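So the structure is just underneath, and the comments pick up after that.
The values are calculated or read from the model by the stated rules, or taken from the named source; none is laboratory data. Fair warning: this is a prediction, and the values are worked out from it, not measured in the lab. Here the Cβ is made from the backbone with ideal geometry for all residues, glycine too, and neighbour counts use every protein chain on show. Note: areas computed on protein heavy atoms with side chains; ligands, DNA, RNA excluded. Shrake-Rupley method; radii C 1.70, N 1.55, O 1.52, S 1.80 Å.
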Amino acid sequence: EKGGYDHFMLKEIYEQPNAISDTYRGRMRVAEGIIKMAGIDDNLAKLLNAKRILIIACGTSWHAGLVAEYIFEELVRIPVEVEYASEFRYRNPVIHQDDVVIAISQSGETADTMAAIKLAKERGAFVFGVCNVVGSSISRETHAGAYTHAGPEIGVASTKAFTTQITVLSLIALKLAERKGTISNSDFHYYLQELERIPEKVKLALESNEHIKLIADTYKDAKNFLYLGRGYNFPVALEGALKLKEISYIHAEGYPAAEMKHGPIALIDEQMPVVVIATKKGHYDKVVSNIQEIKSRKGKIIGIVTEGDETVKGLADHVIEIPETIEFLTPLLTTIPLQLLSYHIAVMLDKNVDQPRNLAKSVTVE
Ligand code: M6R
């Protein structure tokens, strides 16, 4: 059942190239330049006229929501707010009739997310679901939706759900942007082509596995980890830290790289591994100067870089390369090495990777 892999988590990490293509297949027609998604097509006017998009989710799904916030605002120019479902309904949120709520949930059974959906519906919002489990409670409670086609995710640590959620949310953003005219036709076509190339690039990113294992061995005894990223890769930093916490029980924090100087930089010494997502484009020069700040305080730097990068290689203790792609799709690639790093550290520490202590696959209590 684990298909020759030692753990479900590793199997699911390796399933990502297929999970991503299964998620866009049949929806994205690159040659014709169209995206067809029933849940979007049937509600197009509502979505295009939304004054605001509210995204509600928990955990990894919330991180996918943060990536989507950046993508929607950039491509569709509709303001987006991302909320923890667990906070949303406890603070009398302002919800308008012309708000569109997007609820993201792998399991479709998360109690906090379900409760937030019910509140949004009571207040008249249109609620769109992005779920993985077909027929799940959330997929039934929402007005419309689009499934991720990740297949069953068994490992408690979410991996392929995250990348397929970003895939679905990118498709939605692209479709709306094309209809709204907020991106040019040629960019639209180019973006579709780039999305189609992502599964091949994920495969290339997975080829760093052995190299990542060596890095894991070097830092497995660290007591703390810091993860830094900017822009589209800030949520990836949060997700990398969550993965490590969950399965290895090592304390880790994710931060926007530029926030470091407002506090967390005080933590940095020679004991502190810092994972920095420093891909080309995404404020690259700024991230390079953040890396220099860490280096001068003797932090250990693990850089996630675009292939062929020389600058960060010259500064960092280790680099892990990922293929180049357009900026808003980089989270689909930068996440891969972070998943593998936490996986190997947890295995080396002899932790129960697929079923970490105190956690359940779906959290059905509020
Ligand atoms: O099934 P959901 O996507 O609603 O689950 C939300 C979170 O409980 C989930 O992402 C959790 O944070 C994962 N264990 C993270 O790896």
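Rounded to the nearest 0.05, what FRET efficiency do Ile265 and Leu214 give with R0 = 25 Å and r taken as the Cβ-Cβ distance? Could you check? Please report the intermediate quantities before stating the final value.
Details: r = 27 Å, r/R0 = 1.10.
The calculated FRET efficiency here is 0.35.
Can you give me the solvent accessible area of Tyr190 with a 1.4 Å probe, rounded to the nearest 10 Å²?
Accessible surface of Tyr190 is approximately 100 Å².
Using a 1.4 angstrom probe on the protein heavy atoms only, line up Thr311, Thr325 by accessible area, largest first.
On the way: Thr311 75, Thr325 10 Å².
My answer, sorted largest first, is Thr311, Thr325.
Would you grab the residues whose amide H sits under 5 Å from the one on Val82? Only those 5+ places off in sequence or on another chain, please, with H modelled 1.01 Å from N.
Answer set, sorted by chain and number: Ile55.
Kindly provide the helix-only [θ] at 222 nm of the chain, computed as the sum of -39,500 (n - 2.57) over DSSP H runs of four or more divided by all residues, to the nearest 500 deg cm²/dmol? Show your work: numbers first, answer last.
On the way: 15 runs with 168 residues, N = 366.
Mean residue ellipticity, 222 nm, calculated: -14000 deg cm²/dmol.
For helix 284-296, report the angle its Cα long axis makes with the longest principal axis of the Cα atoms of the chain; keep it between 0 and 90° and round to the nearest 10°.
Around 40 degrees separate the two axes.
Listed highest first by mean packing, meaning other Cβ atoms within 10 Å per residue, what order do 147-156, 85-94, 357-366 come in? Mind showing how you got there, number by number?
On the way: 147-156: 20.2, 85-94: 15.9, 357-366: 11.9.
By packing density, highest mean first, the sequence is 147-156, 85-94, 357-366.
So, with +1 on the Cβ of K and R and -1 on the Cβ of D and E, and no other charges, what is the size of the charge dipole of segment 4-146 about its Cα centre, to the nearest 20 debye?
Numbers: 15 positive and 19 negative charges, 79 e Å.
So the dipole magnitude of segment 4-146 works out to roughly 380 debye.
Which one of Ile265, Ile215, Ile78 has the biggest mean-square fluctuation once the chain is modelled by GNM with Cα springs under 10 Å?
Judging by the Gaussian network model, the answer is Ile265.
Which whole-number percent gives the relative contact order of segment 218-338, counting Cα pairs below 8 Å spaced six or more residues apart?
On the way: 226 pairs, mean separation 30.2, N = 121.
It comes to 25 percent, rounded to a whole number.
About the Cα centre of the chain, what is the dipole size in debye to 20, counting +1 per Lys and Arg Cβ and -1 per Asp and Glu Cβ, all else neutral? Don't skip to the answer; put the middle values down first.
On the way: 41 positive and 48 negative charges, 107 e Å.
Computed charge dipole of the chain: roughly 520 debye.
If each residue of separation counts as 0.36 nm, what is the full-extension length gain between Leu44 and Ala360 once their alpha-carbon separation is subtracted?
Values: separation 316, 0.36 × 316 = 113.76 nm, distance 3.62 nm.
Roughly 110.1 nm would be gained on extension.
Specify the angular offset, from 0 to 90 degrees and rounded to the nearest 10, of the alpha carbon long axis of helix 234-248 from the longest principal axis of the alpha carbons in the chain.
Around 70 degrees separate the two axes.
Given a 10 angstrom Cα cut-off, can you work out which residue in Leu226, Leu171, Leu267 is the most mobile in a GNM of the chain?
Leu267
State the Cα centre-to-centre distance between segment 228-242 and segment 326-366 in whole Å.
13
Taking a 26 Å limit on the Cα-Cα distance, which of the listed pairs Lys11/Lys213; Lys243/Lys300; Lys245/Lys280; Lys203/Lys281; Lys160/Lys220 fall beyond it?
On the way: Lys11/Lys213 16 Å; Lys243/Lys300 19 Å; Lys245/Lys280 28 Å; Lys203/Lys281 22 Å; Lys160/Lys220 24 Å.
Over 26 Å Cα-Cα: Lys245/Lys280.
Please give the Cα centre distance for segment 146-177 versus segment 24-83, rounded to the nearest Å.
Comparing the Cα centres of segment 146-177 and segment 24-83, I get a distance of 11 Å.
Place a +1 charge on the Cβ of each Lys and Arg in segment 221-366 and a -1 charge on the Cβ of each Asp and Glu, then give the dipole magnitude about the Cα centre in debye, rounded to the nearest 20. If you can, show how the numbers build up before the last one.
Working: 16 positive and 19 negative charges, 53 e Å.
In debye, rounded to 20, segment 221-366 gives about 260.
For a quick check, take a GNM of the chain with Cα springs below 10 Å and name the residue from Pro337, Pro79, Pro273 with the largest mean-square fluctuation.
Looking only at Pro337, Pro79, Pro273, the largest GNM fluctuation is found for Pro79.
To the nearest 10 degrees, how steep is helix 59-75 against the longest Cα principal axis of the chain, on a 0 to 90 scale?
With rounding to tens, the tilt is 70 degrees.
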